[in-house]
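The values are calculated or read from the model by the stated rules, or taken from the named source; none is laboratory data. Only a predicted model underlies this, so the values are computations on that prediction, with no experimental measurement involved. Note: accessible area is taken over every heavy atom of the protein model, side chains too, but ligands, DNA and RNA are not part of it. Shrake-Rupley method; radii C 1.70, N 1.55, O 1.52, S 1.80 Å.
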Amino acid sequence: QVHFVESGGGSVQPGGSLRLSCVASGAIYSIAIMAWYRQAPGKQRDLVATVTSGGSTTYEDSVKGRFTISRDNAEKSVYLQMNSLKPEDTAVYYCGAVQPGFNSWGQGTQVTVSA
């Protein structure tokens with residue numbers, strides 16, 4: 001089973017930017033859809049963005065126009081460029097495969113947006 005390690009989080013002011021990275025322990029070219037999720041304190045883990053093996057993307061409404069997801073199968077990596085960050089983006093961010101039974105979550109990376 002492929003495992004994921006997320007990095008790139010941090011503390012930024014509103015309007016700032018961060019680029020999250022996720023590196024897999026094995027090949028991801030066979031994973032049709034990769035995604036970024038986030039979990040705010042006291043809330044469930046929610047889907048933020050997806051990217052297919054062909055590069056097609058989808059975004060949760062609140063991040064459209066601000067976040068960009070991408071993947072590099074050769075590097076076994078998935079990225080999330082986050083611009084114009086807002087306090088409500090504060091959460092732990094996780095990457096994962098969108099497939100039945102997926103439960104191989106990493107530690108995540110904390111993103112905190114505050115003045």
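Amide H to amide H under 5 Å from Arg71: which residues, 5+ apart in sequence or cross-chain, H placed 1.01 Å off N in plane?
Here Tyr79 satisfy the definition.
For region 14-21, in order, what is each residue's ³J(HN,Hα) by Karplus, 6.51 cos²θ - 1.76 cosθ + 1.60 with θ = phi - 60°, in whole Hz (x at glycine and Pro)?
x, x, x, 10, 9, 10, 8, 10
For the chain, with every protein chain kept in place, what is the accessible area per residue (1.4 Å probe, Å²)?
Value for the chain: 52 Å² per residue.
If I stretch the segment between Asn83 and Ser53 completely, what's the gain in nm (0.36 nm per residue apart, minus their alpha carbon distance), one decimal?
8.4 nm
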